Amino acid sequence: MTLPTHVQTLIVGGGIAGCSTAYHLSKLGRKDVLLLEQGRLTCGTTWHAAGLVGQMRPNRNMTRMSKYGIELYASLEAETGLATGWKPCGSVNVAATPERWMVLKKQAALARSFGVEVQLITPKEAGDLYPVMRTDDLHGAIWIPGDGKANPADLTMSLAKGARLGGATLLEGVEVTGVIVEQGRVAGVRTTHGEVRCEVLINCAGQWARQFGQLAGVNVPLYPAEHFYIVTDRIDGVHPMLPVMRDPDGFIYYKEEVGGLLMGGFEPVAKPWRMEPIPNSFQFQLLDEDWEQFEPLMTNAIHRTPCLETAPVKMLLNGPESFTPDGNFILGEAPELRGYFVCAGFNSAGIANSGGAGRLIAEWVVGGEAPSDLWDVDIRRFGGFSANRKALAERTGETLGLHYAMRWPRQELQTGRPLRTSPLYDLLAARGAEFGSKNGWERANYFKPTPATPRPAYGLGRPGWLDWVIDEQRATRDAVAIYDQSSFGKLLLQGRDALAVLQRLCANQIDMPVDRMVYTALLNDRGGFESDLTVIRIAAESFLIVTGSAQPVRDADWIRRHIAAEEFAVLTDVSALWSVISVMGPQARELLGRVSPDDLSPQSLKFAHTGEIDLGHARVRAARMSYVGGPGVELYVPVEMARHVYMALKEAGGDLGLKDAGYYAIDALRIEAGRRTWGAELGPDETPYEAGLMLAVKLDKGCDFIGREALLRLHDQPLRKKLLSFVLDPAAYAWGGEAIVIDGQTVGELSSVGWSPKAGSCVGLGYVRGDAAQRVHTGTPVHIDLWGEPVSATAWDLWPPRSAQSLERPGQAGTVS
Ligand SMILES: Cc1cc2nc3c(=O)[nH]c(=O)nc-3n(C[C@H](O)[C@H](O)[C@H](O)COP(=O)(O)OP(=O)(O)OC[C@H]3O[C@@H](n4cnc5c(N)ncnc54)[C@H](O)[C@@H]3O)c2cc1C
């Protein structure tokens, strides 16, 4: 076989992800596309998938993606002439516990808000739709008529044909054995059939994507787990249009297969496939049966569908599928290597997701940037540490098991922890800290009365930890609280052109005196937030950029890719070199005055100013900035002195009501103060106009910046959506993600919710969309759909109203997450 010597775009892997990517690239007009598959198309994981295709996803963009996938699968056969096995049989999801029923109702409200048709139905109606199911123990169910099922191999071959019709070349029996890198970019690949030069490489290698990524130093953190289903002989009452059925409380799903049932699931403790490396010869192969591992699913299935007790089982299929550390797939251009894209790690939803994911990655390749907010699946959410195989294997055992398990609000993953710890970790643990994990960092969520106090059980109502967090909030508002925020991302940009680079990237004025600090938006060409962060000018040509704990890889990538070849500016991730200890509250200055001889009065250390000070025996940088609202100082402390600084503050503050406080308090306080956070209220699809954050933008700063043109264009346009605060009925406890309803119509969703002692109720932030963006103002009554029940709430343009604010600065300051 002779390969072309050069192509523009080369795809590795001929499963559904690779074929969908090729199909969509050709739809976007790319002719010069080559897909290489080491075996035959579909031979990896795709050929043995069950083929369930559902639409419900946790957010708007992911739902849009899966809805598009269904439209594509429904029309593909007509386009290519190759059958896909697509059947719009609908799906029924049942609830066997009251809590699951509450969650299903919330998901249904959200899905409707995202444009998916969902009906709440009774157990009897569920039984009518799915007669072989037992329903006497059900609390309710949801019916999604637009869902369906497909034959994964046929669907993939149909996508492949569509790609070929569009001009792509798909070759089988060619293993890609190496990646050629020149000047920090992909330049081609080595294969078993010779070299091919290319400009863009897309890693669609399924469970091989991690080891294939390593060939070029690209981290693709996924790991295979053994994954099972059974197929039975024919069963009376089972027909081709029988809906897909999911019983998440039993961890199981069903689909009709040749008149019998295909039943599989996500057992709570999964079995990572410890094959290292995965052989490239693993083609059209399966793993050994393991009835012991399958037993919990089988037991639950016999309960839900008693016909399985006697139905002959034709096979127990065990195939490996890749899972990721957070259960979301991996998409985008790798931060390690220009021109290297990834579309892999589908967590047992690759058939449902690949139609849409193939389009998104094709648009990303062609457009040069993510086409919309894809943060949930963005490859840049993972730091290099996530490549560790022991941690990946353990986490895979956990994330597969969580697929159907009840996910409680603020539930933390358990495996691979503790990993990244602040120097204060043991001290805080000894004071009762209950830790959560973000981007591998252990962070105190809240403090229990004693270390031995058990963590309150997860639940859907008012949480057991709330009173402790309220105490932390009160200390912050009325006395002084200390927060360990060492997990902040910290990037140092240095060099002759550092200022010019930041002026081009940041929407706010960065040309400020040394020691000043500014909160700024980082916008894309559409005027959307790529990030929001604070910048401290620590020397004429040196800037410390402080960003959210989850974002340093992403932000560093955004900054680096915008440094022009002729510019001299070097970016270094210094997150692990600096601890951040925040001292917040009206007594903060008194406390700092006891441990520092330096003048920290508001006249000397003004808002958004920083300065090096003595603190105990240490030297630290004090920054007058508060994200929680109110007076306070952030201390940037060399890591090796963090313990000393913390001890000095604790010793000095006892009589001032000093309290340790955690991230739940930070979050609730910033919501109370109306402050937005990236990843919740801010993202690539939100502009500063919509977010009410023009204070992070200086249109007239004297030079152009990315996003300025878009903002000027949008200036007089009506808002597509608008961020507001919502004060809820005091009896209700909400968590975020609830639909906002006016006159029976869903007009948006709450992005964040926290308890506000000042309001005596929950306060939320959320966007209202379309017409509602013009109609909803301070005082407008709305309903929040809380677990399916309407709860009254009042909208506020900003809560609390400006006149009532005791906050040091209105609006936004600092970075939280
Ligand atoms: C039991 C089971 C049931 C499932 N049920 C469902 C379901 O109902 N619904 C759903 O949506 N999903 C389901 N899935 C998940 C779905 O099968 C996968 O997510 C999907 O098939 C992944 O597709 P892919 O293209 O990423 O990977 P693959 O299909 O594995 O394709 C990757 C390809 O890359 C090739 N390759 C790797 N390395 C190289 C190299 N160096 N050179 C050339 N080629 C290379 C491989 O040979 C392989 O063909 C199920 C999975 C399992 C195991």
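The values are calculated or read from the model by the stated rules, or taken from the named source; none is laboratory data. Everything quoted here is computed from the prediction, not taken from an experiment. As a convention, Cβ positions derive from the backbone with ideal geometry for all residues, glycine included, and neighbour counts pool all protein chains shown.
Summary table
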| quantity | calculated |
| --- | --- |
| Enumeration of residues in the range 175-186 that are in contact (Cβ under 8 Å) with a residue 60 or more places away in the chain and more than 9 Å from the ligand (Cβ to nearest atom) | Val179, Val181, Gly184, Arg185, Val186 |
| Residue within the range 80-90 that is within 16 Å of the ligand (Cβ to nearest atom) and farther than 30 Å from Glu226 by Cβ present | yes |
| The range 289-308, residues that are in a helix (DSSP H, G or I), of a type in the set (D, E, K, R) and within 17 Å of Leu262 (Cβ to Cβ) | Arg304 |
| Given (1) out of contact with any His (no Cβ under 8 Å at 6 or more places or on another chain); (2) touching a residue at least 24 places away in the same chain (Cβ under 8 Å); (3) not hydroxyl-bearing (Ser, Thr, Tyr), number of the condition Ala362 does not satisfy | (1) |
| Matching residues in the range 674-721 - criterion: being in a loop (DSSP other than H, G, I, E, B), among the hydrophobic types (A, V, I, L, M, F, W, C) and within 24 Å of the chain's Cα centre (by Cα) | Ala680, Leu693 |
| Flag if Gly51 is within 12 Å of the ligand (Cβ to nearest atom), small (Gly, Ala, Ser), within 28 Å of the chain's Cα centre (by Cα) and under 18 Å from Cys198 (Cα atoms) | no |
| The range 439-460, subset of a type outside the set (A, V, I, L, M, F, W, C) and surrounded by 17 or more Cβ atoms within 10 Å (Cβ to Cβ), residue nearest to Val553 (Cα to Cα) | Asn439 |
| Extreme residue, surrounded by the fewest Cβ atoms within 10 Å (Cβ to Cβ), among residues of the range 1-17 that are in a loop (DSSP other than H, G, I, E, B) and near the ligand (Cβ under 8 Å from one of its atoms) | Gly13 |
| Leading residue by the ranking (nearest to Cys89 (Cα to Cα)) among those in the range 18-48 that are within 6 Å of the ligand (Cβ to nearest atom) and assigned to a loop (DSSP other than H, G, I, E, B) | Thr45 |
| Glu651 vs. criteria surrounded by fewer than 24 Cβ atoms within 10 Å (Cβ to Cβ) and acidic (Asp, Glu) | yes |
| Any strands (runs of 3 or more DSSP E) falling wholly within the range 236-288 and containing at least 1 residues that are within 14 Å of the ligand (Cβ to nearest atom), touching a helix residue (DSSP H, G or I) at 6+ places or on another chain (Cβ under 7 Å) and touching a residue at least 24 places away in the same chain (Cβ under 8 Å) | 252-257, 260-265 |
| Options Ala444, Ala405, Ala370; residue that is touching a strand residue (DSSP E or B) at 6+ places or on another chain (Cβ under 7 Å), of a type in the set (Gly, Ala, Ser) and in a loop (DSSP other than H, G, I, E, B) | Ala370 |
| Options Gly674, Gly692, Gly679: the member that is modelled with pLDDT of 95 or more, within 22 Å of Ser756 (Cβ to Cβ) and among the small types (Gly, Ala, Ser) | Gly679 |
| Residues (out of contact with any strand residue (DSSP E or B) (no Cβ under 9 Å at 6 or more places or on another chain), of a type in the set (Asp, Glu) and closer than 30 Å to Asn61 by Cα) located in the range 305-331 | Asp326 |
| Residues of the range 551-581 satisfying the condition of being β-branched (Val, Ile, Thr) and not in a loop (DSSP other than H, G, I, E, B) | Val553, Ile559, Val570, Thr572, Val580, Ile581 |
| Whichever residue in the range 325-360 is hydroxyl-bearing (Ser, Thr, Tyr) and out of contact with any helix residue (DSSP H, G or I) (no Cβ under 7 Å at 6 or more places or on another chain) and, among such residues, is farthest from the ligand (Cβ to nearest atom) | Tyr340 |
| Residue count, the range 756-795 (criterion: part of a loop (DSSP other than H, G, I, E, B) and surrounded by 19 or more Cβ atoms within 10 Å (Cβ to Cβ)) | 2 |
| Sole residue being among the charged types (D, E, K, R), within 11 Å of the ligand (Cβ to nearest atom), out of contact with any Lys or Arg (no Cβ under 6 Å at 6 or more places or on another chain) and within 30 Å of Gln293 (Cα to Cα), chosen from Glu321, Glu398, Glu394 | Glu321 |
| Residues located in the range 743-784, provided they are closer than 15 Å to Asp797 by Cβ and of a type in the set (A, V, I, L, M) | Val763, Leu765, Val768, Ala772, Ala773, Val776, Val782 |
| Of residues in the range 54-70 being among the charged types (D, E, K, R) and within 16 Å of the ligand (Cβ to nearest atom), the one modelled with the highest pLDDT | Lys67 |
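Residues are listed down the side, and each one gets a yes or a no for (1) more than 13 Å from Gly15 (Cα to Cα); (2) not acidic (Asp, Glu):
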site: Leu155; (1), (2): no, yes
site: Gly166; (1), (2): yes, yes
site: Leu171; (1), (2): no, yes
site: Ile180; (1), (2): yes, yes
site: Val186; (1), (2): yes, yes
site: Val189; (1), (2): yes, yes
site: Glu195; (1), (2): yes, no
site: Gly206; (1), (2): no, yes
site: Gly213; (1), (2): yes, yes
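One line per residue, one yes/no per condition, for (1) more than 31 Å from the chain's Cα centre (by Cα); (2) more than 11 Å from Tyr340 (Cβ to Cβ); (3) near the ligand (Cβ under 10 Å from one of its atoms):
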position	(1), (2), (3)
Lys161	yes, yes, no
Gly173	yes, yes, yes
Glu195	yes, yes, no
Cys204	no, yes, yes
